[in-house]
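To start, the structure under review is shown below, and the notes come after it.
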Amino acid sequence: MAKTTPPNAFARHGAYELPTVTLDHYNAELKDGDGYIGDRANNRAFREILEDWREKLRQVSDDPLGESPSDEISKKKLDKILTEGEAEAAGLVLSAVEDFAQELAAVTARFLKMKEWRDVQRIVVGGGLRASRVGELAIGRAGVVLKAAGHAVELRPIRNHPDEAALVGTLHLAPAWIFAGYDAVLGVDIGGSNIRAGIVELGGKKPRDLGSAKVREVELWRHCDDKPTRNEAIERLVAMLADLVKRAAKEGLALAPFIGVGCPGVIEEDGAIARGGQNLPGNWESSRFNLPHAIREALPKIGGHETHVLLHNDAVVHGLSELPRMDDVERWGVLTIGTGLGNACFTNHPRPSAV
């Protein structure tokens, strides 16, 4: 449930009242008889659907996709099969896309039945699968299915590249003074497979006018390959941030003493992760661990000023990257197709009347 928070809550971790939107709900963990329904529409689910179709064909003929395991076929290769592959191979991929789209539509319909999600007019979809034509087709097809079932909601791919959306979204966590005095901030996107850190240029001087914000520099670490401990992961993240601070200085950017962080899970006001961090390396939900404190302790100052770290849920910051393109709706949401299915929904604050 959404919490009632004071007007200045944008300066707190996991805030529901943000500078230009109210966060109505996030990290919904809906279940059915088979477990969490979000697991029916994540990256693993798509690969399982693809493998299921391939197994059916193997019973009667050769597999048109060859011998590579389904979870090792890149999105780029699947896209190429759709556009240039043999008809049967393309048809196989399209069959998987169709089944996944049906699941995505069914899962989205469950969200729309929640009190907090009612009257949502638009949902943007991000995450790794979105960064492909396969993902775009699945999103488009799911949107058609929803409308045909009577849901007056628009489903569309998130505009920013999924690898950069959360970094851009962290700008919308920042206090207003940043937009007048600095050129860029540091953003962090922590996921179940990767950690990204980047320099994000503001592109505007008001929180609502950040449509031209862009990621100037980015560092990526695929932590799932290295299987680090929690402390090792934090040390690597801090090293990435320290390197980006040096790059910003070298390039003459006025870097704000602010780091916005998106991370899976339910975020408490003190920066603790209450639950939902099970895919991260080590125990991030421990009462003895606080991610913002760990970052601030390791990187206490930026440009001679005390570092301020603000933490929120990763799906929330993914969605916030779309805020400059949401002026034509009042209520909207985001789904992120990744290791899990991230989710959040928002209500826009009214724009100030022109004088």
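Hey, GLY91 hits all of (1) without any contact (Cβ under 8 Å) to a residue 40 or more places away in the chain; (2) out of contact with any Leu (no Cβ under 9 Å at 6 or more places or on another chain); (3) closer than 25 Å to LYS31 by Cα but one; which does it fall short on?
Evaluating GLY91 over (1) without any contact (Cβ under 8 Å) to a residue 40 or more places away in the chain; (2) out of contact with any Leu (no Cβ under 9 Å at 6 or more places or on another chain); (3) closer than 25 Å to LYS31 by Cα leaves (3) as the failure.
Tally the residues that are in a loop (DSSP other than H, G, I, E, B) and buried (at least 24 other Cβ atoms within 10 Å of the Cβ), restricting the search to region 171-195.
Going through region 171-195 one residue at a time, the tally reaches 2.
Checking the structure you have, find out if any residue of region 208-229 is at pLDDT below 90 and either touching a Leu at 6+ places or on another chain (Cβ under 7 Å) or outside the structural domain of GLU285 (by TED's automatic domain parsing) (or both).
Scanning region 208-229, I find at least one residue that is at pLDDT below 90 and either touching a Leu at 6+ places or on another chain (Cβ under 7 Å) or outside the structural domain of GLU285 (by TED's automatic domain parsing) (or both), so the answer is yes.
Using the structure shown, decide if GLY198 is at pLDDT 95 or above and at positive phi.
The answer is no for GLY198.
Looking only at region 323-338, how many residues end up being over 11 Å from the mean Cα position of the chain (by Cα), touching a residue at least 12 places away in the same chain (Cβ under 8 Å) and either surrounded by 18 or more Cβ atoms within 10 Å (Cβ to Cβ) or part of a loop (DSSP other than H, G, I, E, B) (or both)?
Within region 323-338, residues that are over 11 Å from the mean Cα position of the chain (by Cα), touching a residue at least 12 places away in the same chain (Cβ under 8 Å) and either surrounded by 18 or more Cβ atoms within 10 Å (Cβ to Cβ) or part of a loop (DSSP other than H, G, I, E, B) (or both) number 9.
Go through region 63-170 and tell me which helices (runs of 4 or more DSSP H), entirely inside it, have 1 or more residues that are in the same structural domain as GLY191 (by TED's automatic domain parsing) and farther than 17 Å from ASN43 by Cβ.
The qualifying helices (runs of 4 or more DSSP H) are 162-169.
Limited to region 15-62, what total is found for residues that are hydrophobic (A, V, I, L, M, F, W, C) and in a strand (DSSP E or B)?
Count: 2.
Residue pairs, Cβ under 7 Å, 6 or more apart or interchain, first in region 275-299 and more than 14 Å from ILE190 (Cβ to Cβ), second among the basic types (Lys, Arg). List them.
Once the first residue is more than 14 Å from ILE190 (Cβ to Cβ) and sits in region 275-299, its partners that are among the basic types (Lys, Arg) give ASN283/ARG230.
Got a sec? Which helices (runs of 4 or more DSSP H) wholly within region 196-313 have at least 2 residues that are touching a strand residue (DSSP E or B) at 6+ places or on another chain (Cβ under 6 Å)?
Output list reads 230-250, 291-298.
Looking at ALA131, ALA152, ALA106, which is the one that is free of Cβ contacts under 8 Å to residues at least 40 places away in the same chain, surrounded by fewer than 22 Cβ atoms within 10 Å (Cβ to Cβ), over 20 Å from ASN313 (Cβ atoms) and not hydroxyl-bearing (Ser, Thr, Tyr)?
ALA152
Does ARG54 satisfy the condition of being at pLDDT 95 or above, under 20 Å from the mean Cα position of the chain (by Cα) and of a type in the set (Lys, Arg)?
So ARG54 does not fit the description; no.
Surrounded by fewer than 20 Cβ atoms within 10 Å (Cβ to Cβ), in contact (Cβ under 8 Å) with a residue 40 or more places away in the chain, hydrophobic (A, V, I, L, M, F, W, C) and in the same structural domain as PRO175 (by TED's automatic domain parsing), is that true of ALA254?
Yes.
The values are calculated or read from the model by the stated rules, or taken from the named source; none is laboratory data. From a predicted model like this one, the values you see are computed outputs, not experimental measurements. Virtual Cβ from ideal backbone geometry, glycine too; neighbours counted across all protein chains shown.
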